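Read the structure below first, then the notes.
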Amino acid sequence: MLPTLWSLVLAARGMPPLRLFAIFAAGSFVMRSAGVVMNDFADRSFDRHVTRTRVRPLASGELSVTHALLVVSVFLLLAGILVLSLDPFTILLSPIAILLAALYPFAKRVIHIPQAILGIAFGWGTIMAWTASRGAIEAPAWCLFAATICWAIGYDTIYALQDREDDRRIGVKSSALLFGSSTWIAVGTVFCAMLFLLGLAGWLADIGWIYYGVLAAIGWWCLRQALQLRQAVSTPTAFHMFQQHVWVGAAVFLGMVAGFLL
């Protein structure tokens with residue numbers, strides 16, 4: 001949800017219309033929920049062999065495939081109802097969001113950085129939010145899209161550290177496996193790229209100096225996280241580090257609002 005809200009704020013040069021805010025907040029919830037079901041459906045055979053995921057309802061057999069398909073259909077129906085209240089251009093872009101959500105679960109079978117596909121799927125909301133606000137795709141929107149991809153590669157690589165040994169054993173591809181002992185360098189690099197792209201998006205939108213101060217603070221915090229990864233981290237620590245990124249997204253959002261209103 002948060003990258004989508006970044007796009008709404010930047011496109012509106014301040015607080016976006018409440019109607020768009022509500023549509024995209026609700027849309028993020030239902031599409032993320034649909035994506036989670038798709039992911040668990042596609043990965044149910046893998047999840048049975050991973051310590052952390054073997055108790056998921058589809059992997060454990062607690063819920064059936066029919067149940068999963070019914071639930072995802074309901075979420076996609078709700079998403080369709082929401083998107084139909086938007087302009088025609090944004091409606092035309094919406095099937096891409098469904099395609100990306102469906103492709104992500106299979107990416108880990110093909111590419112070594114499936115986290116990039118996750119970022120593309122999450123980032124597509126920034127494009128749709130921008131077109132819903134301004135009727136066109138402009139340069140700041142592409143910067144936010146790219147920043148979201150970099151951010152997802154970073155935080156989801158940290159998340160993937162929890163399953164590194166299980167993924168290696170069952171043959172699932174992951175950036176945590178690809179980067180290996182250089183994970184801290186890779187994570188630090190994509191976080192730097194994210195901050196540069198966010199700064200560029202703000203500069204193109206002529207945002208105020210407070211925003212850049214917030215980005216600097218986020219950069220310091222991201223550096224600390226990257227340096228923490230120089231040593232092996234436990235599963236609970238990796239999950240906690242991953243969870244903390246909700247505050248990064250919230251800080252960017254608040255920095256954008258303050259950059260325009262203060």
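The values are calculated or read from the model by the stated rules, or taken from the named source; none is laboratory data. All values derive from a computational prediction rather than experimental measurement. Don't worry about glycine lacking a Cβ; one is built from the backbone with ideal geometry, like all the others, and counts go over all protein chains shown.
Here's the yes/no breakdown for (1) surrounded by fewer than 19 Cβ atoms within 10 Å (Cβ to Cβ); (2) closer than 24 Å to residue 51 by Cβ:
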| site | (1), (2) |
| --- | --- |
| 145 | no, no |
| 159 | no, yes |
| 181 | yes, yes |
| 187 | no, yes |
Quiz item: So which residues in region 7-41 are aliphatic (A, V, I, L, M), under 30 Å from residue 205 (Cα atoms) and free of Cβ contacts under 8 Å to residues at least 24 places away in the same chain?
Solution: 18, 22
Self-check item: region 21-38, residues that are polar (S, T, N, Q) and touching a Phe, Trp or Tyr at 6+ places or on another chain (Cβ under 7 Å)
Solution: 33
Exercise. Among the residues of region 42-93, write down those that are surrounded by fewer than 14 Cβ atoms within 10 Å (Cβ to Cβ), among the aliphatic types (A, V, I, L, M) and either in contact (Cβ under 8 Å) with a residue 60 or more places away in the chain or closer than 19 Å to residue 160 by Cβ (or both).
Key: 55
Self-check item: Conditions (1) part of a loop (DSSP other than H, G, I, E, B); (2) surrounded by fewer than 18 Cβ atoms within 10 Å (Cβ to Cβ); number of the one not met by residue 200
Solution: (1)
Practice problem: Kindly indicate which of 149, 113 is under 29 Å from residue 14 (Cβ atoms), among the hydrophobic types (A, V, I, L, M, F, W, C) and out of contact with any Cys (no Cβ under 6 Å at 6 or more places or on another chain). | Solution: 149
Exercise. Among the numbered conditions (1) touching a residue at least 60 places away in the same chain (Cβ under 8 Å); (2) surrounded by 16 or more Cβ atoms within 10 Å (Cβ to Cβ); (3) among the aliphatic types (A, V, I, L, M), tell me where residue 170 comes up short.
Key: (2)
Quiz item: Does region 6-28 contain at least one residue that is in a helix (DSSP H, G or I) and β-branched (Val, Ile, Thr)?
Solution: yes
Practice problem: Return a yes/no flag: does region 96-108 have any residue that is farther than 28 Å from residue 226 by Cβ and of a type in the set (Lys, Arg). | Solution: no
Quiz prompt | Only listed residue being at pLDDT 95 or above, touching a helix residue (DSSP H, G or I) at 6+ places or on another chain (Cβ under 7 Å) and either surrounded by 13 or more Cβ atoms within 10 Å (Cβ to Cβ) or farther than 24 Å from residue 140 by Cβ (or both), chosen from 251, 238 | solution = 251
Exercise. Kindly check whether there is at least one residue in region 112-133 that is touching a residue at least 12 places away in the same chain (Cβ under 8 Å) and assigned to a loop (DSSP other than H, G, I, E, B).
Key: yes
Exercise. Evaluate the following for residue 4: is it hydroxyl-bearing (Ser, Thr, Tyr), surrounded by 15 or more Cβ atoms within 10 Å (Cβ to Cβ) and either under 13 Å from residue 129 (Cβ atoms) or in contact (Cβ under 8 Å) with a residue 60 or more places away in the chain (or both)?
Key: yes
Practice problem: Can you work out which of the residues in region 33-91 that are of a type in the set (Gly, Ala, Ser) and assigned to a loop (DSSP other than H, G, I, E, B) is modelled with the lowest pLDDT? | Solution: 61
Self-check item: Test result for residue 183, without any contact (Cβ under 8 Å) to a residue 12 or more places away in the chain, under 30 Å from residue 212 (Cα atoms) and in a helix (DSSP H, G or I)
Solution: no
Quiz item: List, please: which pairs have Cβ atoms under 9 Å, are six or more places apart or on different chains, and start with a residue in region 214-242 that is in a helix (DSSP H, G or I) and end with one that is surrounded by 12 or more Cβ atoms within 10 Å (Cβ to Cβ) and of a type in the set (Asp, Glu)?
Solution: 235/163; 242/156
Practice problem: State whether one or more residues within region 151-158 are touching a His at 6+ places or on another chain (Cβ under 9 Å), within 19 Å of residue 256 (Cα to Cα) and either at pLDDT below 95 or in a helix (DSSP H, G or I) (or both). | Solution: yes
